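First the structure, in the form of structure tokens, and then the observations on it.
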Amino acid sequence: MIEFKEYIENLNKRLHNYIPDPATFTPGEEGVFKPLDVYNHPKKEADEYKFKAIKYAFKHHYENNSFYKKYCKENNVTPDDIKSIDDFNKIPLIPDKFFKTYPSGKEFAMWLATIYTGELPNIVIKKSDDHDDIINKFNDAGLVISYSSGTSGRHTFIPRDKRTFNDTEYAIAKAAITMVYPFWEYDSYGYLLMPNPFKTNVFAGKVCSVYFDAVKDVQVALDRELKADLIRAAMKNNLKGRIIRYAMQRENKKMIERIINWLRENYKKKNKISFLGAPFILYFVMEELERNGESFDFGENGAVITGGGWKIFEGQRIPVDEFRKKVEKILGIPPENCLDLYGMVEGNGWMVHCPEGHYLHIPSTYYHAMVIDENGEEVAYGEKGRFAFLDGLAMSYPSFIISGDEVRMYEECPVCHRTSPVLEPEVSRAKGDEMRGCAEEMRRVLSMDLGGKDA
Ligand SMILES: [Zn+2]
């Protein structure tokens, strides 16, 4: 079996385009690129990496983002107040809802400029430009603005610079590849259960473009362009929404067929395969296989990395352990190779299941997670509250966020011996908060056609 060190070195060689010149690493980048395993680095050293990363990011945004500086002043906090990790809870958190409060047209660009740390590139905006048009202009000028949408139809827009985006792409690849050790090799075949990263500004799709560099041959489930306005229109329960959904219906049936044919072909050739993306698509593939009495036995030659939420139909979640059992039964892929990833458009930390216990490990060298009660106070380990985080990687916007996700955090994994804290295996939305997530927006557009129950 390949040594872990060599395994990660192979990854670094493969993803060298994502790694900046080490002489210019920010402290956050040191925490991502230097440790071999960001989930199992010796605790004391991991804390040193983390403290430097977050202190640096806080100071950077305080000094270069007038909106955030004002917010800190209102909260009576300056970078000098952050002397150790114990002071991290003084750093003012931005509610994730804030990133949804955008106007349209020219004012949208002004709004982005407020959030952005530093100077936005100059672009020319036409009156007829929609949000994607404006984003595409900024992205052509060197940014990577992406979004995620919720059931209300409001999007969360996050402006990353190219470097922050490369960092987070590397971080997500390292997260998955670390935990599936020793499975990963470049010479393998992948299926992305997401929109084509090169044709969408949806964050969860876009961030997966690194898959094409980590794996030799990648197919894409949804090759058409997925625009914010289309998602919004398809979600509406009116005639236009129904027409869009109907038009997608045939295409989606074909998508399932394509994936099944791909499975057959790679199984016959004894190729190593992986799936990455929304669980509900693979769920429908497995349902179809089951109906036809067909199954595979990929064994150690297969892996499934899911992300984006566990809703299969409206009002129906599939329990994640049930999903793993189905993957084992229908595809023959063992539970250790079937892991879930949890992250969000606002942050650059990737929580990933350990293969032993399927708890979500939190990277501990550049990212600090907290659980907050309704009064804004941190709760004790094991208690329920809202997931909040300080992200040491984002340089283009202050990524100090309190989310609407409800979690329990534990100082140590109840099952494995890695040094990082964990979240429970499944994350849910807090009561009253709208459902969202990368899989969720696609699911609302697609699964009604695939499963029929939503229609
Ligand atoms: Zn664990």
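The values are calculated or read from the model by the stated rules, or taken from the named source; none is laboratory data. What you see is a predicted model; the values in this text were computed from it and never measured. Heads up, the Cβs are rebuilt from the backbone with ideal geometry, glycines too, and the neighbour counts pull from every protein chain shown.
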Go through (1) in contact (Cβ under 8 Å) with a residue 40 or more places away in the chain; (2) of a type in the set (Gly, Ala, Ser); (3) farther than 30 Å from TYR367 by Cα for GLY308 and report which single condition fails. (3)
Quick count over the range 161-199, residues being within 14 Å of the chain's Cα centre (by Cα) and at pLDDT below 95, is 4
Candidate set: the range 1-33, residues that are without any contact (Cβ under 8 Å) to a residue 60 or more places away in the chain and of a type in the set (Lys, Arg); chosen: the one nearest to ASP213 (Cα to Cα): LYS13
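If the requirement is being away from the ligand (no atom under 13 Å from the Cβ), touching a Ser or Thr at 6+ places or on another chain (Cβ under 8 Å) and more than 25 Å from LYS69 (Cβ to Cβ), which of these qualifies: GLU406, GLU383?
On the way: GLU383 fails: touching a Ser or Thr at 6+ places or on another chain (Cβ under 8 Å).
Step by step, each of GLU406, GLU383 is checked, and only GLU406 is away from the ligand (no atom under 13 Å from the Cβ), touching a Ser or Thr at 6+ places or on another chain (Cβ under 8 Å) and more than 25 Å from LYS69 (Cβ to Cβ).
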Could we say that ILE401 is β-branched (Val, Ile, Thr), more than 16 Å from the ligand (Cβ to nearest atom) and either within 28 Å of ILE19 (Cβ to Cβ) or not in a loop (DSSP other than H, G, I, E, B) (or both) here? yes
PHE99, sole failed condition from (1) in a helix (DSSP H, G or I); (2) at pLDDT 95 or above; (3) surrounded by 14 or more Cβ atoms within 10 Å (Cβ to Cβ): (2)
Report whether or not LYS254 is surrounded by fewer than 24 Cβ atoms within 10 Å (Cβ to Cβ), at pLDDT below 95, among the charged types (D, E, K, R) and over 29 Å from LEU360 (Cβ atoms). yes
For SER148, indicate whether it is under 30 Å from ILE8 (Cβ atoms), touching a His at 6+ places or on another chain (Cβ under 9 Å) and of a type outside the set (Phe, Trp, Tyr). yes
For the range 325-372, name all the residues that are more than 20 Å from GLY277 (Cβ to Cβ), away from the ligand (no atom under 13 Å from the Cβ) and β-branched (Val, Ile, Thr). THR365, VAL371, ILE372
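Please verify whether ASN139 is buried (at least 19 other Cβ atoms within 10 Å of the Cβ) and more than 20 Å from TYR68 (Cβ to Cβ), treating the condition exactly as stated. Walk me through it before giving the result.
Details: buried (at least 19 other Cβ atoms within 10 Å of the Cβ): yes; more than 20 Å from TYR68 (Cβ to Cβ): yes.
For ASN139, the condition - buried (at least 19 other Cβ atoms within 10 Å of the Cβ) and more than 20 Å from TYR68 (Cβ to Cβ) - is met.
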Given the criterion of a type outside the set (Asp, Glu) and not in a strand (DSSP E or B), identify the matching residue among ALA388, ALA380. ALA380
